[in-house]
Structures are given as C-alpha cells and as structure tokens.
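Student: Can you read through this structure? Questions will come right after.
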Amino acid sequence: MGLKPIADRIVVRREAAEEKSAGGILLPDSAKNKPQRGVVVSVGPGKLKPDGTRVPMQLKAGDKVLFTSWAGDEFDARGADDILLMHEGDVLCVLG
C-alpha cells in the first residue's frame, strides 16, 4: 500500500459492513452502516514532545480496534477499500 503515517497517526483497514440484518434480510449498500471496527495496518513513530522526545505509541500493527464513527479520514488506496487515516487518540479501545 505504501502509506507511512507520521507522528501519532495510524492507518486502519475498516471491517466489511454486514450483508444481512439481525433478522436475515439482505441489506443494499445504501442501508449498510459503516463499521466502527478495524485492524491497524501501520503506526507512526509517536507524537513529538516540546523537549524533543517522542511519546511511544500504544497501538501496533495487527491490533483490532474500536473507534468513533467520525474518526479518521477515508483514503482511496489503489485496490484497497475502507482505509482510514486517524490519530491514535481517536481509537476508543483495543479488542481482545
């Protein structure tokens, strides 16, 4: 993919949207909600503090995360769907 985040930013691949409702009804694309879960693809080196040191990142590539619905900016990478660029602070938790 070739995306290398900077500072405290991360690259997340959003999970695929549910194809069926809880009752088994097939959902058209217009009715699907965008999932708020994804997998961290890559992380930046951490935020730079005023004294020149870096705050270490709490996330790592491969972590499954839950994030807010407004988090990040969608990025259209070649052949890769549902890629988000966001700050580490936009992540609510790591899923087990």
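The values are calculated or read from the model by the stated rules, or taken from the named source; none is laboratory data. From a predicted model like this one, the values you see are computed outputs, not experimental measurements. All Cβ positions, glycine included, derive from the backbone under ideal geometry; neighbour counts span all protein chains shown.
Student: Tell me, which strands (runs of 3 or more DSSP E) wholly within the stretch 41-96 include 2 or more residues that are within 12 Å of R9 (Cα to Cα)? Write out each step before concluding.
Tutor: Details: elements: 64-67, 73-77, 80-87, 91-95.
By residue number, 80-87.
Student: Pairs under 8 Å by beta carbon, first residue of a type in the set (S, T, N, Q) in the stretch 52-78, partner in a loop (DSSP other than H, G, I, E, B) and exposed (fewer than 13 other Cβ atoms within 10 Å of the Cβ), six or more apart or different chains?
Tutor: Short answer, once both residue conditions are applied: S69/K34.
Student: Give the residues of the stretch 33-51 that are closer than 27 Å to A22 by Cβ and either in contact (Cβ under 8 Å) with a residue 60 or more places away in the chain or in contact with a Lys or Arg (Cβ under 8 Å, 6 or more places away or on another chain) (or both), sorted by residue number.
Tutor: Our first condition is that a residue be closer than 27 Å to A22 by Cβ; within the stretch 33-51, this holds for 33-39.
If the condition is that a residue be closer than 27 Å to A22 by Cβ and either in contact (Cβ under 8 Å) with a residue 60 or more places away in the chain or in contact with a Lys or Arg (Cβ under 8 Å, 6 or more places away or on another chain) (or both), then K34, P35, R37, G38, V39 are the ones that fit.
Student: Looking only at residues in the stretch 72-83 that are closer than 14 Å to V39 by Cα and of a type in the set (G, A, S), which one is modelled with the lowest pLDDT? So that I can check it myself, show each step before the final result.
Tutor: If we filter the stretch 72-83 for residues that are closer than 14 Å to V39 by Cα, which is where we start, we get 72, 80-83.
Next cut, of a type in the set (G, A, S) only: 72, 80.
On the way: G72: 88, A80: 65.
Filtering the stretch 72-83 for residues that are closer than 14 Å to V39 by Cα and of a type in the set (G, A, S), the one modelled with the lowest pLDDT comes out as A80.
Student: Inspect the stretch 43-50 for any residue being modelled with pLDDT of 75 or more and under 21 Å from G96 (Cα atoms) and give the result as yes or no.
Tutor: Quick first cut of the stretch 43-50, residues modelled with pLDDT of 75 or more only: 43-50.
Retained after the next criterion (residues that are under 21 Å from G96 (Cα atoms)): 43.
Within the stretch 43-50, one or more residues are modelled with pLDDT of 75 or more and under 21 Å from G96 (Cα atoms).
Student: I'm checking my understanding of the structure. Among residues of the stretch 3-33 that are out of contact with any Pro (no Cβ under 9 Å at 6 or more places or on another chain) and basic (K, R), which one is modelled with the highest pLDDT?
Tutor: This residue is R9.
Student: Just the residues that are in contact with a strand residue (DSSP E or B) (Cβ under 7 Å, 6 or more places away or on another chain), surrounded by fewer than 17 Cβ atoms within 10 Å (Cβ to Cβ) and under 17 Å from L3 (Cβ atoms), please, taken from the stretch 65-79.
Tutor: The initial filter retains those residues of the stretch 65-79 that are in contact with a strand residue (DSSP E or B) (Cβ under 7 Å, 6 or more places away or on another chain), namely 65-68, 71-75, 77.
Next cut, surrounded by fewer than 17 Cβ atoms within 10 Å (Cβ to Cβ) only: 66, 68, 73-75, 77.
Within the stretch 65-79, D73, E74, F75, A77 qualify.
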